[in-house]
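Below is one structure; the comments refer to it alone.
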Amino acid sequence: MDTVLYAVCAASGWVAFAYMVRLQRRHPSRARRAICAGLGAFAAGITVAIPPVAVAIDEVSGLPNLAKIMAHAGALTISANAEIMLLHFALPPATAAVRARRWVWVTACAFVVMLGLFAVTLTYDEPVRLTVEYATDPVVTAYLLIFLLLGFFAYCVDITRLCWGFAKICGRPWLRRGLRITAVGAAFALLYSTNKIVYLVAYWAGYRPTGERQIAAVLVTIGALLITIGLTMPAWGPTLKIGQRWADFRSYRRLEPLWRDLVAALPELELDPALRRRFAALRDTDYALTRRVAEIRDGRLALRPYTDTGVTALAERFAAGAGLGATERQATVEAAHLACALRRHRAGLVAAVPQPADELHRPDGGYAGEVAWLTLVTDAYARSAVVARTLAAAISQPTAGDARR
């Protein structure tokens, strides 16, 4: 059974690795490079762990357990690279780089100690295996504890914590789903480690329980497949919903008039100028839309000192005359505030009485509701006669007490 399960893991690992390498060549990024390195190491490690392959490697090399330590190196590498990817997602670049280097050094030092313990076993008159069946040998126990406590407990606890925490605030649906699946996969890896440690304790206590290899194969297969799916899901997940991608792209384009004027007035809002390239958003529509929504909201907050409370009364009066419904009227008032605030920003006029922060509309429906609301605001900003009349009236009737920057 373990041969079949490990072969399934190896095949899925190589497929995922080939897919991510192809994607990295087209759209390189530090996080994706870490995923590629981790998936490559995992695929190679799980391949040499397939029992017939492991036996062949040991026989050809003449070194018992060589395949085992190669497989463990692969497991440590994918854990380290998954951790590095998540650190770069969750933390500022400088902080992430420092913590990533720390994890790399700890992992490298631990693996050097594991190699030393492996070398000690080669001096034995009777060969031992680096498995729980030989746990009563102190060298084997030390080797397994270092591998399990670092490669699974330390890494997987932190990976689960980072994945679950970042998923709560992530605006990209497929990344959020991938993070949660990765967290569940890491939890299965923790069960794998716990299973091994329980058997270690049992052997030291004088018991000889059976079935550890089968249990470990099932747990590692489930964990490895879930982590592989979770790490790659943000890349291939959006392709499963062509209709949703098209709807997101339409929303992205509909937000352009307001976004363009905000970025022109506040260039620091734009964090990814590459999206200005023609059709660039089609490559990752989910990311492009999330970026645009965030930049519009940041622009709205940056313009708050220029949003005059008097604009609300003007816009409400003109909206009532136009017979607008409640939602459309609210979106039009918001659009009028933005149009007038942009004019004030260009003129350097700070509002005498800025609109309070708690009056900024927060739509229901989470991220989808946010997108729908901002498209309504942008449509009104670009085409509403009410917004045009409010802007004209605000220009002709400046508010007393306006202060120039």
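Listed values, structure above:
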{"read-out": "Every pair of residues 6+ apart whose Cβ atoms lie under 7 Å, when the first sits in the stretch 41-62 and is under 19 Å from Ala119 (Cβ atoms) and open to solvent by less than 20 Å² (accessible area, probe 1.4 Å) while the second is assigned to a helix (DSSP H, G or I) and at pLDDT below 90", "value": "none"}
{"read-out": "Test: residue in the stretch 85-93 that is part of a helix (DSSP H, G or I) and exposed (fewer than 14 other Cβ atoms within 10 Å of the Cβ)", "value": "yes"}
{"read-out": "Any hit, the stretch 99-112, residues being open to solvent by 70 Å² or more (accessible area, probe 1.4 Å), more than 30 Å from Gln214 (Cβ to Cβ), within 32 Å of the chain's Cα centre (by Cα) and not hydrophobic (A, V, I, L, M, F, W, C)", "value": "yes"}
{"read-out": "Filter result (more than 15 Å from Ile46 (Cα to Cα) and either of a type in the set (Phe, Trp, Tyr) or touching a residue at least 40 places away in the same chain (Cβ under 8 Å) (or both)) within the stretch 210-224", "value": "Glu212, Gln214"}
{"read-out": "Test for Asp137: is it farther than 15 Å from Leu63 by Cβ, free of Cβ contacts under 8 Å to residues at least 60 places away in the same chain, among the charged types (D, E, K, R) and surrounded by 15 or more Cβ atoms within 10 Å (Cβ to Cβ)", "value": "yes"}
{"read-out": "Tally of residues being β-branched (Val, Ile, Thr), farther than 17 Å from Pro28 by Cα and touching a residue at least 40 places away in the same chain (Cβ under 8 Å) across the stretch 262-307", "value": "4"}
{"read-out": "Failed condition for Ala322, given (1) surrounded by fewer than 20 Cβ atoms within 10 Å (Cβ to Cβ); (2) more than 22 Å from Ala393 (Cβ to Cβ)", "value": "(2)"}
{"read-out": "The stretch 198-225, subset open to solvent by 20 Å² or more (accessible area, probe 1.4 Å) and either within 31 Å of the chain's Cα centre (by Cα) or of a type in the set (Lys, Arg) (or both), residue farthest from Trp14 (Cα to Cα)", "value": "Arg208"}
{"read-out": "Residue within the stretch 69-84 that is open to solvent by 70 Å² or more (accessible area, probe 1.4 Å), hydrophobic (A, V, I, L, M, F, W, C) and either modelled with pLDDT under 90 or over 20 Å from the mean Cα position of the chain (by Cα) (or both) present", "value": "yes"}
{"read-out": "Residue within the stretch 257-280 that is under 23 Å from Asp364 (Cα atoms) and either more than 30 Å from the chain's Cα centre (by Cα) or part of a helix (DSSP H, G or I) (or both) present", "value": "yes"}
{"read-out": "The listed residue being within 25 Å of Val201 (Cα to Cα) and outside any helix (DSSP H, G or I), out of Tyr124, Tyr155, Tyr143", "value": "Tyr124"}
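The values are calculated or read from the model by the stated rules, or taken from the named source; none is laboratory data. Please read these numbers as outputs of a predicted model, since none were measured by experiment. All Cβ positions, glycine included, derive from the backbone under ideal geometry; neighbour counts span all protein chains shown. SASA here: full protein model, heavy atoms, side chains in, ligands and nucleic acids out. Shrake-Rupley method; radii C 1.70, N 1.55, O 1.52, S 1.80 Å.
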